[in-house]
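First the structure, in the form of structure tokens, and then the observations on it.
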Amino acid sequence: AAEVGIGVLIDMHGAVGSQNGQSHSGISDHHVGLFESQQNMDMTVACLEFLMRNLGQVTNVVGIQILNEPVDSPQLKDFYNRAISAMRAVAEWAAVFPLYIHDAFNLEEYSNFVSARDDWVIQDHHSYFVFTPKDTSESASNHTQEVRTNIAN
């Protein structure tokens, strides 16, 4: 990727115990175990520190996303704060490295969380338009209008 000028965003798709209970987080039982166990959270933070230490200075790595599509657990913000602090402490250069957080499909809440920070944390939001009959029957232009009016504002 670096040879052809492509930036790479590293994404923690499967946290220890699963952050969302979905198959793309490495499990198939729909159980969200990340926030149930201090050990799971500790191990996940250790993995994130490892990623920062080993990939953070790779020239085409444009950031690390802490968790992909986590559930909006009452513990999520504390987990994010802990992970961010641990990742920033890896090295001096890590203080300005871009870190991404997914908004747990709670756009406004995590917009406020990110805007209250004074470091380089970027909010990631995923909008899906494929999972319901209404979604699949809508035209691309209608989906685009939805993004422009209801998500962008």
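Under the condition of being assigned to a helix (DSSP H, G or I), β-branched (Val, Ile, Thr) and over 16 Å from the mean Cα position of the chain (by Cα), the residues counted in the range 79-135 number 1. Find the residue count for the range 87-118, including only residues that are within 15 Å of Gly63 (Cα to Cα), surrounded by 14 or more Cβ atoms within 10 Å (Cβ to Cβ) and of a type in the set (A, V, I, L, M, F, W, C). Summing the residues that are within 15 Å of Gly63 (Cα to Cα), surrounded by 14 or more Cβ atoms within 10 Å (Cβ to Cβ) and of a type in the set (A, V, I, L, M, F, W, C) in the range 87-118 gives 6. The single condition from (1) assigned to a loop (DSSP other than H, G, I, E, B); (2) over 15 Å from the mean Cα position of the chain (by Cα); (3) of a type in the set (Asp, Glu) that Asp72 fails is (2).
The single condition among (1) under 18 Å from the mean Cα position of the chain (by Cα); (2) surrounded by 13 or more Cβ atoms within 10 Å (Cβ to Cβ) that Glu138 does not meet is (1). Leu34 falls short on exactly one of the conditions (1) within 19 Å of Leu9 (Cα to Cα); (2) surrounded by 19 or more Cβ atoms within 10 Å (Cβ to Cβ); (3) among the aliphatic types (A, V, I, L, M), and that condition is (1).
Hey, any hits in the range 132-153 for a residue that's out of contact with any Asp or Glu (no Cβ under 6 Å at 6 or more places or on another chain), within 23 Å of Gly7 (Cβ to Cβ) and not aliphatic (A, V, I, L, M)? No: zero hits. The requirement of being in contact with a Pro (Cβ under 7 Å, 6 or more places away or on another chain), part of a loop (DSSP other than H, G, I, E, B) and crowded, with 19+ Cβ neighbours inside 10 Å is not satisfied by Ala15. Restricting the first member to the range 58-83 and to residues that are closer than 14 Å to His13 by Cβ and among the aliphatic types (A, V, I, L, M), and the second to residues that are at pLDDT below 95 and in a loop (DSSP other than H, G, I, E, B), the beta-carbon pairs closer than 7 Å and six or more apart or on different chains are Ile66/Met12; Leu67/Met12; Leu67/Ala15; Leu67/Gln19. In the range 77-97 there is at least one residue that is touching a strand residue (DSSP E or B) at 6+ places or on another chain (Cβ under 7 Å) and of a type outside the set (A, V, I, L, M, F, W, C).
The values are calculated or read from the model by the stated rules, or taken from the named source; none is laboratory data. Note that the structure is predicted; figures quoted are calculated from it, not measured. Positions of Cβ are generated from backbone atoms using ideal geometry, with glycine treated the same way; all protein chains shown enter the neighbour counts.
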